[in-house]
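So the structure is just underneath, and the comments pick up after that.
The values are calculated or read from the model by the stated rules, or taken from the named source; none is laboratory data. Please read these numbers as outputs of a predicted model, since none were measured by experiment. Heads up, the Cβs are rebuilt from the backbone with ideal geometry, glycines too, and the neighbour counts pull from every protein chain shown.
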Amino acid sequence: MNKTIENILPMLRRFAYSLTGNTPDADDLVQTTLEKILQKGVPAEVEVTKWAFRVCRNVWIDEYRAQKVRQNATQKPELQEPQITNEQQAFDSKEMLTHVNKAMNTLPDDQRAILSLVAVQGMSYKEVAASMEIPVGTVMSRLSRARSALLDMVKPYTLGAGV
């Protein structure tokens, strides 16, 4: 089981980052997720990867509802990493990424999680549906709404900034 967890750790970390919006919180989320998986184990009939994503999402939802600190921290400029302005292109790219991350943080939890699993992790709709225990049609609907909302939030920025 440890070898399998080592193999999925990069994917799990990217997923955690897409949920939290910052590296320290993502690292904490991954650590808590791994602790829960190692303490309670993985059910025999469930794939480790799907189980890890499910546990990670559930831990994040529990912490988010309890504290709501992560969202506040990602929206405070003084808590974000300083931007490197050596080249205009690097600056524009980082600005766009920051804008997209902020836009992602405004999406409802269910839409953000599905968008992250499909767009960041490259999971199929069927895999997402299985890991979240929802119908494929619900995945498609939430993903469509998430993409549309994200595009609406990012489009004014790209038109105004000339990116």
Of all the residues that make up the range 115-145, how many are in contact with a Ser or Thr (Cβ under 9 Å, 6 or more places away or on another chain) and modelled with pLDDT under 90? 11
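Collect the residues in the range 134-156 that are β-branched (V, I, T) and either farther than 14 Å from V100 by Cβ or without any contact (Cβ under 8 Å) to a residue 40 or more places away in the chain (or both), keeping them in residue-number order.
Scanning the range 134-156 gives I134, V136, T138, V139.
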Flag for L143 being more than 16 Å from M11 (Cβ to Cβ) and either surrounded by 14 or more Cβ atoms within 10 Å (Cβ to Cβ) or touching a Leu at 6+ places or on another chain (Cβ under 7 Å) (or both): yes
